[in-house]
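Working notes for the structure below.
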Amino acid sequence: MLKKILVANRGEIAIRIMRACREMGIASVAVYSEADTNALFAKYADEAYCIGPAPATQSYLNMDAVIKTAQDCGADAIHPGYGFLAENPKFASSCEQAGIKFIGPSSRVLTLLGDKVAARKEMIKAGIRVVPGTDECVTEFPQARALAKEIGYPIIIKPSGGGGGIGMTIVDNEADLAKALESTQAIATTTFGICDVYIEKYLTDPRHIEFQLLGDSHGNAIHLGERECSIQRRHQKLIEECPSPAVTPKMRYKMGAIAANAARLVGYEGAGTMEFLFSQGKFYFLEVNARVQVEHPVTEMVTGVDIVKEGIRIASGLPLSLTQKDIHISGSAIECRINAEDPVNDFVPTPGKILSYHAPGGTGIRVDSGVYSSYTIPPFYDPMISKLIVWGRNRSETIARMQRALYEYIIIGPKNNIPFHQAVMENPRFVAGDLGTHFIEKETTLLADMMVIMEREIPLTAKLRHRTDDKKRIAAIAAVAAVTQRYAHMERMNQAKWPSQFPVATREND
Ligand code: MV4
C-alpha cells in the first residue's frame with residue numbers, strides 16, 4: 001500500500017482525497033498557492049507546502065514544483081483530483097519517470113483518451129455506438145462539406161484536443177460551414193494547441209448520461225451505474241443525480257457492461273467516466289473523463305463504494321476490492337453544486353468573505369466543502385463553495401430532503417446559487433425527471449420562481465439573524481465584555497462584589 005500521497009489540488013476535492021488517506025492510514029501532503037494559505041485543505045493535510053503565487057499557472061499547474069515537492073517530502077504518489085493536471089499525459093509520464101506513482105491511468109491511456117478522434121475510433125472498435133460523424137479529423141473545407149452533407153445538418157464541429165464542450169460550434173446549414181470550420185480550428189489551436197477538429201451529427205436537447213468506471217492493473221474493470229448530468233449551464237454542471245430517471249435496470253446492465261468492457265480493452269487504471277448523449281432511448285459515446293469527477297459522491301451514496309479509496313488501492317497495485325456482482329444501486333442521490341455566484345445576475349462569480357456559515361445535517365445529507373466561517377473565497381479559482389449531496393430511498397424522498405437541506409443551509413456573505421437550486425427542486429419538469437441538456441434555457445420561469453421563493457417564507461437565515469449577523473454578534477459580545485471588564489476591575493480594586501443580577505446584553509438592545 002502507498003504510504004504518503006501528495007494531493008496536487010485544492011478545495012473540497014483535496015480534502016475529499018485526504019479524508020480517504022486518513023481512513024487508510026496514509027499520510028497526506030498539501031501543496032498550495034499563496035492565495036490558499038488559509039484554506040482548509042492546507043490545514044487538514046499532515047504536511048503542507050506553498051508552491052507559488054495565486055495564478056494556477058504558477059502554482060497548481062507547475063509540474064516541476066509539484067513533482068519536486070513530492071520528491072523532497074518523500075511522497076510515493078501524487079493524486080491529481082480533477083481539473084489542473086488530472087488528465088495531462090505529460091504530467092503522468094513525468095511522475096512515472098520521477099519514480100512517483102500517478103494516481104490515475106497511465107500516460108499512454110491519457111494520451112489515447114485525450115485525443116477525441118482516436119478515442120472515438122477506439123470505442124467503435126470496442127463495439128460502442130458513437131454519434132454519426134467523421135472517422136478522421138477534418139482539415140479542408142471541401143472535405144468538410146462532403147462529410148457534413150452525408151451526415152446531415154445540423155452538425156457540430158468539435159476540437160479533437162478538447163472536450164467538455166469548449167470551442168464547439170453548431171452549424172445549421174452549408175452556408176455557415178466555411179466560417180464555422182475556420183473559427184473552430186482557430187479556437188482549437190489557441191485553446192488546446194492542436195488545430196484538429198472533427199464533425200458529428202448534432203443531437204438536439206439530448207440527456208447527458210455518464211457511467212462510472214473502475215479499472216485495476218490486473219485487467220479487471222467494473223461499472224458503478226450511471227449519473228444524469230443534464231442540468232448544466234455553459235458547460236458547467238449544476239445538478240447531478242444517480243441513478244438517471246431515464247435509465248431502466250436492463251439498459252444499465254447492458255450499457256454498463258459495454259462501458260466496463262471498453263475500459264478493460266484500453267487497459268484503464270483507476271476511476272473514470274464514460275460520457276454518453278442519450279436520445280430517443282439510445283446511448284451515443286461522447287468521450288472518456290480520465291479522472292475522478294466532481295459528481296462522484298452521488299454514485300458513492302447509492303452504491304456505498306468509496307471511489308477515491310478504490311482509486312488509491314488500484315494505484316497501490318491491488319486488485320479491485322469488488323466484482324460487478326457486489327455492485328447494487330440502492331435508492332437515489334442528488335448533488336447540488338453550491339457556488340459563490342449571483343443567480344439573478346447572470347450567475348456572475350461572487351468570491352469574498354464568508355461571514356457566517358452553517359451546513360445542513362441530518363439523515364441522508366453529505367456536504368463536501370473546503371470552506372469555514374470567516375474564510376475568504378479567493379477570486380482566482382472556480383467559485384464552488386461546496387457540494388450538497390442528498391440520499392433518499394427514492395427520487396421523491398431525495399427531492400424533498402434536498403429542499404429541506406437547502407432551507408437549512410446558511411451562507412452569509414457571498415451571494416450564492418441556493419435559490420436557483422430551490423427553484424429547480426420545485427420545478428414540475430425536474431420533479432417529473434423530464435431532463436435534457438437545454439433544461440435551464442427552456443425553463444424560462446426559473447428566475448421568477450427564485451424571486452418568489454426568496455420572498456415566500458422567512459428563511460432560517462433571517463430567523464437566526466442575531467446569531468449570523470456579524471455586526472450584531474460583535475456588538476453583543478462587546479457589550480458583555482465591557483460590563484465584565486468593569487466589574488473585574490472593581491473586584492480587583494476590592495471595591496465591589498459581583499451583583500446577583502448580572503446585566504446581560506439582550507438580542508434587541510444591541
Ligand atoms: C454534443 C451535443 C449534441 N450533439 N454532441 C457538450 C459537453 C461535451 N462533452 C459534449 N457536448 C455536446 N456534444 C453532439 N453530437 C451537445 C453537447 C452539448 C453542448 C454543445 C455545445 C454547446 C452547449 C452544449 C450544452 C450541452 C451539451
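None of the figures in this text is laboratory data; all of them are computed from the coordinates on show. Computed from a predicted structure; not experimentally measured. So basically every Cβ, Gly included, is an ideal-geometry build from the backbone, and we count neighbours across all protein chains shown.
Annotations for the structure displayed:
- Flag for Arg129 being touching a residue at least 24 places away in the same chain (Cβ under 8 Å) and out of contact with any strand residue (DSSP E or B) (no Cβ under 9 Å at 6 or more places or on another chain): no
- Subset of region 44-85 [free of Cβ contacts under 8 Å to residues at least 60 places away in the same chain and at positive phi]: Gly52
- Any hit, region 112-133, residues being among the aliphatic types (A, V, I, L, M) and touching a Cys at 6+ places or on another chain (Cβ under 8 Å): yes
- Qualifying residue in region 133-149 (condition: surrounded by 19 or more Cβ atoms within 10 Å (Cβ to Cβ), closer than 15 Å to Lys201 by Cβ and within 10 Å of the ligand (Cβ to nearest atom)): yes
- Residue within region 285-292 that is surrounded by 19 or more Cβ atoms within 10 Å (Cβ to Cβ), in contact (Cβ under 8 Å) with a residue 12 or more places away in the chain, closer than 23 Å to Gly436 by Cα and out of contact with any helix residue (DSSP H, G or I) (no Cβ under 7 Å at 6 or more places or on another chain) present: yes
- Those residues of region 426-477 which are surrounded by 15 or more Cβ atoms within 10 Å (Cβ to Cβ), of a type outside the set (Phe, Trp, Tyr) and within 16 Å of the ligand (Cβ to nearest atom), in sequence order: Leu435, Gly436, Thr437, Ile440, Glu443
- Looking only at residues of region 44-76 that are touching a Lys or Arg at 6+ places or on another chain (Cβ under 7 Å) and crowded, with 21+ Cβ neighbours inside 10 Å, we find that the one that is farthest from Asn88 (Cα to Cα) is Ala75.
- Tally of residues being in contact with a strand residue (DSSP E or B) (Cβ under 6 Å, 6 or more places away or on another chain) and more than 25 Å from Gly304 (Cα to Cα) across region 358-376: 4
- The listed residue being in contact with a Ser or Thr (Cβ under 8 Å, 6 or more places away or on another chain), under 19 Å from Lys325 (Cβ atoms), of a type in the set (D, E, K, R) and crowded, with 19+ Cβ neighbours inside 10 Å, out of Glu210, Glu226, Glu241, Glu269: Glu226
- Picking from residues in region 245-281 that are free of Cβ contacts under 8 Å to residues at least 40 places away in the same chain and among the polar types (S, T, N, Q), the one that is farthest from Glu228 (Cα to Cα) is Gln280.
- Here is the figure for region 215-255: residues that are touching a strand residue (DSSP E or B) at 6+ places or on another chain (Cβ under 7 Å), part of a loop (DSSP other than H, G, I, E, B) and hydroxyl-bearing (Ser, Thr, Tyr) total 1.
To keep it simple, each residue is scored yes or no on (1) more than 21 Å from the chain's Cα centre (by Cα); (2) farther than 30 Å from Val431 by Cβ; (3) surrounded by fewer than 18 Cβ atoms within 10 Å (Cβ to Cβ).
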{"site": "Ser356", "(1), (2), (3)": "yes, yes, no"}
{"site": "Pro360", "(1), (2), (3)": "no, no, no"}
{"site": "Asp368", "(1), (2), (3)": "no, no, no"}
{"site": "Tyr372", "(1), (2), (3)": "no, yes, yes"}
{"site": "Asp382", "(1), (2), (3)": "no, no, yes"}
{"site": "Lys387", "(1), (2), (3)": "no, no, no"}
{"site": "Val390", "(1), (2), (3)": "no, no, no"}
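- Listing of helices (runs of 4 or more DSSP H) fully contained in region 1-118 that carry 3 or more residues being of a type outside the set (A, V, I, L, M, F, W, C): 11-24, 63-73, 89-97, 107-114
Quick grid of which residues meet (1) under 23 Å from Trp391 (Cβ atoms); (2) away from the ligand (no atom under 14 Å from the Cβ):
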{"position": "Glu241", "(1), (2)": "yes, yes"}
{"position": "Ala246", "(1), (2)": "yes, yes"}
{"position": "Lys254", "(1), (2)": "no, yes"}
{"position": "Gly270", "(1), (2)": "no, yes"}
{"position": "Glu275", "(1), (2)": "no, no"}
{"position": "Glu287", "(1), (2)": "no, no"}
{"position": "Ala290", "(1), (2)": "no, no"}
{"position": "Met301", "(1), (2)": "yes, yes"}
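- Considering residues of region 413-422 that are farther than 15 Å from Thr398 by Cα and either hydrophobic (A, V, I, L, M, F, W, C) or in contact with a helix residue (DSSP H, G or I) (Cβ under 6 Å, 6 or more places away or on another chain) (or both) only, the residue surrounded by the most Cβ atoms within 10 Å (Cβ to Cβ): Phe420
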